[in-house]
Amino acid sequence: MDKETIFLTLLEKSSLIIVLFIIITKIKKFKYIFQKENYKNHDLAVISMIFSLLAILGTYNGISVEGSLANTRIMAIVSGGILFGPLVGVTSGFISGFHRYFIDINGITSFPCFISSIFAGILSGYFSKKLKEKYKWICGIMCGVISENVTMVLIFFMSKPHNVAVSIISKIYVPMIVGQIGIGFLVSIVQAIKKEKEEIAAFQSKLALDIANKTLPYFRCVNEESLKVICRIIKEEINSDAVAITDTEKVLAYVGVGEEAFDNPNIELSNTTKDAMKENKILNIKVCKEEYSLSEKVNLKTGMIIPLTDSQGVMGSLKIYYTKKYDISYSKKSLAIGLSHIISTLMEISKIEKIKEAKNKAEIKALQTQINPHFLFNALNTITSFIRINPDKARQLIINLATYMRYNLEVNDNLINIHKELEQVKAYVEIEKARFGDKLSVVYNIDEDIKITIPSLIIQPLVENAIIHGIRKNSERGTVIIGVNKSENGVKVWVENDGIAIDEDIIKKVYNDDMPENKIGLYNVHLRLKLIYGQGLNIYRLRHGTKIEFEI
């Protein structure tokens, strides 16, 4: 057999090994192993077996040349070693080398092939740990070429008769060397599989982020309806047939096939779901009657149970269902992992937002309780002064005080209609006018068609500040103007007096959240507005008096 025939035949044999390896990589279990970043011992054992069998097949599929075999054994050994390290390289080299020696113990090239097979495994395994992925294909070819050269040298010095050894080398050297190009193909196949995994992970990460963006608004106020919307978004984005979210005891929301069967709000979790949450582990399941007592009415075949966690541990689960029976693919599982992390984070943020909201409400309530005694003390003093000299006036002032306090208690999420707030203000003003008599004049500049809600006790402290610190300290007649008018950004509320102007130092302290002495009411209003609307008071020092305003 001439060199050309040997070369073409060996090329055909190499192609057979490559095609067989491609088929192996299409098998899900093997593909899953090849795609791993870190390999456990049993993974390496499986990979070693695969490349050992490919090398042995290369020997059996070899071409007989004067008692020798031109084969693709080295190609398989080096591919395994350069891709997966010395354990795979040495193991496949020893097993296939021993096999080559054992099937033809007295063969002219049996022992040199045994030695060179082990050498190929050691050499490729050594370089596998020192190279970047992108260089492994070319280094693999070089290791194959070096290993085949070692084989030829061993045949030249060890095989007898010598003239036959020389003849074998002259016929198989070039085909065997060129045949190592097949290593580049085998290495590239595995690298392509790993790249496919990275591309899938990137796509699933993008999809998970898209889902996060779409569901984020509904996590701001988590309830049954918002959870259903979240489930619906997830279902549509990942093309599943049903999606459910649970806590640790019951189903919170279910959307998809058989949705009507889950109208009962007290459906208990299955034992499978409880086990998944207990172990904090994603489970792939075949939906059966045990999954839900209503599963006979729901045509679901396959599903995933994904625990959701927060800083305290497992807080529930995300469940994804399909109506077809099949194994959950890597892409679906990686998406599920991404979703579990994102949804867990969003739910954790939702809890933090609720805590923050509760804290803000508590702070607002505390500020309100600070204002009430401050006003009551002044009001009761005024009423007391009228009881003996003008009982009717005292009675009217008590009615004004009752009006003020009644509306203060009628709070809806800490907001009341602005006209009710103004009734509070007017009741307060009547009490203060009773105190100051002709020295106090109050003008109302109010657009009656304005319909908004504002926090209670938000205008009255500003009016009180204008009267007490602007008019009374002046010891002369003064006017307070109370304005509620439409503006470009909404509604502007303002209180102005023509008495003593506010000190610049007080304005700075209010803006810097440093409570000025004797300005509790003003400071509290500023803080409450910042807590609720994000922006506090605007305070202006006028030539005669002060103007304080805010916008809603």
Exercise. Do we find that Leu69 is modelled with pLDDT under 95 and in contact with a strand residue (DSSP E or B) (Cβ under 9 Å, 6 or more places away or on another chain) in this structure?
Worked result: yes
Problem set entry | Close pairs (6 angstrom Cβ cut-off, 6 or more residues apart or separate chains): touching a residue at least 40 places away in the same chain (Cβ under 8 Å) and among the hydroxyl-bearing types (Ser, Thr, Tyr) in region 60-78, open to solvent by 30 Å² or more (accessible area, probe 1.4 Å) and not in a loop (DSSP other than H, G, I, E, B) anywhere | Thr72/Lys13
For this session: Within region 85-104, identify whether any single residue is in contact with an Asp or Glu (Cβ under 7 Å, 6 or more places away or on another chain) and closer than 20 Å to Leu16 by Cβ, and answer yes or no.
Result: no
Seminar exercise, completed: Over region 397-424, the set of residues under 45 Å from the mean Cα position of the chain (by Cα), at pLDDT 80 or above and of a type in the set (A, V, I, L, M, F, W, C) is Ile418
Problem set entry | Residues of region 442-472 that turn out to be modelled with pLDDT under 80, open to solvent by 10 Å² or more (accessible area, probe 1.4 Å) and closer than 24 Å to Leu527 by Cβ, as a count | 2
Exercise. Which of the residues belonging to region 533-552 are part of a strand (DSSP E or B), touching an Asp or Glu at 6+ places or on another chain (Cβ under 7 Å) and open to solvent by 90 Å² or more (accessible area, probe 1.4 Å)?
Worked result: Arg541
Seminar exercise, completed: If you go through Leu300, Leu308, the only one that is farther than 16 Å from Ile343 by Cβ and either surrounded by 18 or more Cβ atoms within 10 Å (Cβ to Cβ) or modelled with pLDDT of 85 or more (or both) is Leu300
Exercise. Give me the pairs: first residue in region 1-18 and within 17 Å of Lys171 (Cβ to Cβ), second residue open to solvent by 40 Å² or more (accessible area, probe 1.4 Å) and not in a helix (DSSP H, G or I), beta-carbon distance under 9 Å, and six or more apart or on different chains, which are they?
Worked result: Met1/Ser64; Thr9/Met1
Exercise. Among the residues of region 189-199, is any farther than 30 Å from Lys332 by Cα, surrounded by 14 or more Cβ atoms within 10 Å (Cβ to Cβ) and modelled with pLDDT of 90 or more?
Worked result: no
Problem set entry | Lone qualifier among Val229, Val222 - being closer than 18 Å to Ile343 by Cβ, among the aliphatic types (A, V, I, L, M), part of a helix (DSSP H, G or I) and open to solvent by less than 60 Å² (accessible area, probe 1.4 Å) | Val229
Exercise. Within the bounds of region 27-34, is there any residue that is open to solvent by 60 Å² or more (accessible area, probe 1.4 Å), out of contact with any helix residue (DSSP H, G or I) (no Cβ under 8 Å at 6 or more places or on another chain), closer than 21 Å to Ile189 by Cα and assigned to a helix (DSSP H, G or I)?
Worked result: yes
Seminar exercise, completed: Condition set farther than 14 Å from Leu54 by Cβ and part of a helix (DSSP H, G or I), scope region 83-103, selection most open to solvent (accessible area, probe 1.4 Å): answer is Phe102
Exercise. Would you say Asn485 is within 20 Å of Asn538 (Cβ to Cβ), in contact (Cβ under 8 Å) with a residue 40 or more places away in the chain, open to solvent by 10 Å² or more (accessible area, probe 1.4 Å) and assigned to a helix (DSSP H, G or I)?
Worked result: no
Seminar exercise, completed: Only one of Ala358, Ala427, Ala394, Ala379 is modelled with pLDDT under 80 and touching a helix residue (DSSP H, G or I) at 6+ places or on another chain (Cβ under 8 Å), namely Ala379
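The values are calculated or read from the model by the stated rules, or taken from the named source; none is laboratory data. Everything quoted here is computed from the prediction, not taken from an experiment. Using ideal geometry, Cβ is built from the backbone for each residue, glycine included, and neighbour counts are taken over all protein chains shown. Note: accessible area is taken over every heavy atom of the protein model, side chains too, but ligands, DNA and RNA are not part of it. Shrake-Rupley method; radii C 1.70, N 1.55, O 1.52, S 1.80 Å.
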